[in-house]
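One structure below.
The values are calculated or read from the model by the stated rules, or taken from the named source; none is laboratory data. All of these numbers come straight from a predicted model, not from anything done at the bench. Every residue, glycine among them, receives a Cβ derived from its backbone with ideal geometry; neighbour counts consider all protein chains shown.
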Amino acid sequence: MTDIEEFGVVIVGGGPVGLTASIMLSRLGVRHALFERHPGTSIHPKAIGLNQRTIEVFRSLGIEDDVRQAAAPPRTYERTAWYTSFAGPTELHGRRIAVRDAWGGGRYAEEYARVSPCRYTMLPQIRLEPILRRHAETSPLAEICFDSPVTAVSSRADHVDVTVAGRRKVRADYLIGADGGRTVADQLGVAMAGPTDLLDMVSAHFTADLSPYLPDDGCLINWFVNPDFGGSIGSGYLYHLGPWDARGVSKEWVFACAFGPDDPERFDERGMVARIHRSLGLPDLQIDLHSISHWYIRSVVAERFRQDRCFLVGDAAHSIPPWGALGLNTGIQDVHNLAWKLAAAVRSPELEPLLHSFEVERRPVALAVAENSLANFRNHGGVVDTALGLGPATPPEQGWAALAELWSDGPAGDRKRAALNRAVTVLDKEFHAHGAENGFRYPAGAPAPEAANGRGPLPADTLVHHPTTAPGHHLPHTWLTTPDRRRSTLDLPAPGRLLLVVDEHAPRWRDAVARVRHPLAALVDVVAVGADHPIRPVDGRWEALREVDGSGALLVRPDSIIAWRCTELPAEPAQALDTAVRGLLTADPER
């Protein structure tokens, strides 16, 4: 008989989400294996935008510095702009249509810096994945196996059986499906629901020296609006990929556009280069084409995120349009929610009910993000093009006349410029979605009942992040001084540990934790933050942000989610804490 290898967790998929899950599980002391069907990390650029919440996760894993050193210099992605092209035969070619600040740059810099120790970061997936793989492979608790396709998954009452490459037999307590190809979901019979095949897209990764032609080297994405291609979606967009030299110059790029009615079913190398030449208006540009990728815009979410002992995360659970850059980020935050719960359940089977909250918490976030990103996609072409007087069926000569009016003198030009300014402001929901990026919350699940108030997972204000300590929200950031260094409040939780943040009456709160007879209480650390303690707020902001009295407390989960708060010291602190920690095990899996 073939020997069966046993692990605490098996991860299927070695993309950024699966590799991040591996790093998390190693830090939490869980022996695990990761199987990826491809021989190496991604050869396509794929996602590039890493929002503050994701970088906070990397910070907690000790890899933020590596990611930041490989990423684009911040000054190269402070803006995004729209052009007819970079050059061309008429005065209407090579014109900038609009420009705006984005991703925490320019006028948003102070706003973003105030709420996180980390900044929005641009690093393409082809450069992120090798960093994650290197860190994952350093742990003796992790077996990282590329070129190892999973061919069968069978979930039992007390374990999961996995077959790798048709012959290797593996057994695990739990399985994480992080495979964008959805082998695990298909094996488990989990379907996706939502709009599919909304637009047929093609993207190209290439090398070219565009530095003599770039109108603005502070723009990440350059959007083209060319009436010859039916407007913005058909004209395409261009963004830089790095690596970046000391001046912040990149010679690698991605160009993407929708298929037009006259385009071939598939672009070959010659056709793709010709399309890039036409959209950029640079027919003599020397291009070294590395890869062409054909993909469809979809906005779909799995009907369930859990099947017995198997959990779906990342693209295996949701496929989100890239407008707003929330796809990869949502996947990273899936495993941030899941990993500590899995580690607790592997160590202590009586804590397995923690896992009931995963789907209850994460699936509503995925549904809301998918809807939000789909709206961004529809706005992007519809709002801007409409303001310009363009549509997919607008004849080219009529479209160029509409653009000419934009730069004309007189009332008609004034009206069109005002309409364009309003349209670009609408795109705040894509380029300044700070509330959606940082403020997602868990109205139901494992937080204390105060959070279960029927509100949605995205805040009403998706543009501006409003920190709060209400249960279900992220622990707010502010800077603290400690005996050894300056730290963020987000640096306080230890891996896999719950954190009780107090100020006054710290000894009574510590005594209360010691008196709670529950397995979760053994995972609670008490940290005193205040002017009279070694850990002190830098600027007095914490007293306002914590939203509780100095005698109160905040219970923070290992994923930085507020699980419970007590506005002031109760008559029986141990009883109140006992109720709070037991509440973490009572998420309703049927909700």
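Quick look at the numbers
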{"read-out": "From the options Thr482, Thr425, residue that is surrounded by fewer than 17 Cβ atoms within 10 Å (Cβ to Cβ), out of contact with any Pro (no Cβ under 6 Å at 6 or more places or on another chain), in the same structural domain as Ile97 (by TED's automatic domain parsing) and of a type in the set (Ser, Thr, Tyr)", "value": "Thr425"}
{"read-out": "Residues that are more than 25 Å from Asn337 (Cα to Cα) and among the hydroxyl-bearing types (Ser, Thr, Tyr), drawn from segment 476-525", "value": "Thr481, Thr482"}
{"read-out": "Subset of segment 381-433 (residues that are at pLDDT 90 or above, among the charged types (D, E, K, R) and more than 21 Å from Ala258 (Cα to Cα))", "value": "Glu405, Asp409, Asp414, Arg415, Lys416, Arg417, Arg422, Asp428"}
{"read-out": "Breaking point among (1) of a type in the set (A, V, I, L, M, F, W, C); (2) within 30 Å of Asp334 (Cβ to Cβ); (3) at pLDDT below 95; (4) outside any loop (DSSP other than H, G, I, E, B), for Val513", "value": "(3)"}
{"read-out": "Subset of segment 372-400 [among the aliphatic types (A, V, I, L, M), out of contact with any helix residue (DSSP H, G or I) (no Cβ under 9 Å at 6 or more places or on another chain) and either free of Cβ contacts under 8 Å to residues at least 12 places away in the same chain or not in a helix (DSSP H, G or I) (or both)]", "value": "Ala393"}
{"read-out": "For Val170: the one exception among (1) within 29 Å of the chain's Cα centre (by Cα); (2) closer than 30 Å to Glu359 by Cα; (3) surrounded by 19 or more Cβ atoms within 10 Å (Cβ to Cβ)", "value": "(1)"}
{"read-out": "One residue from Gly49, Gly15, Gly94 being under 17 Å from the mean Cα position of the chain (by Cα) and closer than 23 Å to His380 by Cβ", "value": "Gly49"}
{"read-out": "Pairs where the first residue, in segment 404-433, is in a helix (DSSP H, G or I) and the second is among the acidic types (Asp, Glu) and exposed (fewer than 14 other Cβ atoms within 10 Å of the Cβ), C-beta under 9 Å, 6+ apart", "value": "Ala404/Glu91"}
{"read-out": "Among (1) in contact with a Gly (Cβ under 8 Å, 6 or more places away or on another chain); (2) surrounded by 15 or more Cβ atoms within 10 Å (Cβ to Cβ) - the single one Pro476 does not satisfy", "value": "(1)"}
{"read-out": "Wholly enclosed strands (runs of 3 or more DSSP E) of segment 33-147 bearing at least 3 residues charged (D, E, K, R)", "value": "96-101"}
{"read-out": "Filter result (of a type in the set (S, T, N, Q) and at pLDDT below 95) within segment 1-40", "value": "Thr2"}
{"read-out": "Qualifying residues in segment 201-251 (those that are crowded, with 17+ Cβ neighbours inside 10 Å and among the polar types (S, T, N, Q)) - the one farthest from the chain's Cα centre (by Cα)", "value": "Asn226"}
{"read-out": "Test: residue in segment 330-342 that is farther than 30 Å from Arg27 by Cα, out of contact with any Pro (no Cβ under 8 Å at 6 or more places or on another chain) and of a type in the set (Val, Ile, Thr)", "value": "no"}
{"read-out": "Any hit, segment 535-557, residues being touching a Pro at 6+ places or on another chain (Cβ under 9 Å) and polar (S, T, N, Q)", "value": "no"}
{"read-out": "Segment 160-179, residues that are aliphatic (A, V, I, L, M) and over 20 Å from Val335 (Cβ atoms)", "value": "Val164, Ala165"}
{"read-out": "Condition broken by Asn438, with the remaining ones in (1) more than 30 Å from Asp578 (Cβ to Cβ); (2) over 26 Å from the mean Cα position of the chain (by Cα); (3) not basic (Lys, Arg) satisfied", "value": "(2)"}
{"read-out": "Condition broken by Asp308, with the remaining ones in (1) within 30 Å of Val30 (Cα to Cα); (2) crowded, with 17+ Cβ neighbours inside 10 Å; (3) in contact with a helix residue (DSSP H, G or I) (Cβ under 9 Å, 6 or more places away or on another chain) satisfied", "value": "(2)"}
{"read-out": "Search result, residues across segment 189-228 that are in a loop (DSSP other than H, G, I, E, B), hydrophobic (A, V, I, L, M, F, W, C) and within 30 Å of Gly314 (Cα to Cα)", "value": "Val190, Ala191, Leu198"}
{"read-out": "Of all residues making up segment 357-380, the number that are crowded, with 21+ Cβ neighbours inside 10 Å and at pLDDT 90 or above", "value": "11"}
{"read-out": "Any hit, segment 223-245, residues being modelled with pLDDT of 95 or more, touching a Lys or Arg at 6+ places or on another chain (Cβ under 9 Å) and among the aromatic types (Phe, Trp, Tyr)", "value": "no"}
{"read-out": "Criterion (within 30 Å of Ile233 (Cβ to Cβ) and either of a type in the set (Val, Ile, Thr) or surrounded by fewer than 20 Cβ atoms within 10 Å (Cβ to Cβ) (or both)) met by exactly one of Thr121, Thr138", "value": "Thr121"}
{"read-out": "Sole residue being among the hydrophobic types (A, V, I, L, M, F, W, C) and at pLDDT 95 or above, chosen from Val527, Val538", "value": "Val527"}
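For every residue, the table says whether it meets (1) outside the structural domain of Leu355 (by TED's automatic domain parsing); (2) farther than 18 Å from Leu475 by Cβ; (3) in a helix (DSSP H, G or I).
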| position | (1), (2), (3) |
| --- | --- |
| Val501 | yes, no, no |
| Asp532 | yes, yes, no |
| Glu543 | yes, no, yes |
| Glu547 | yes, no, no |
| Ala563 | yes, no, no |
| Ala576 | yes, yes, yes |
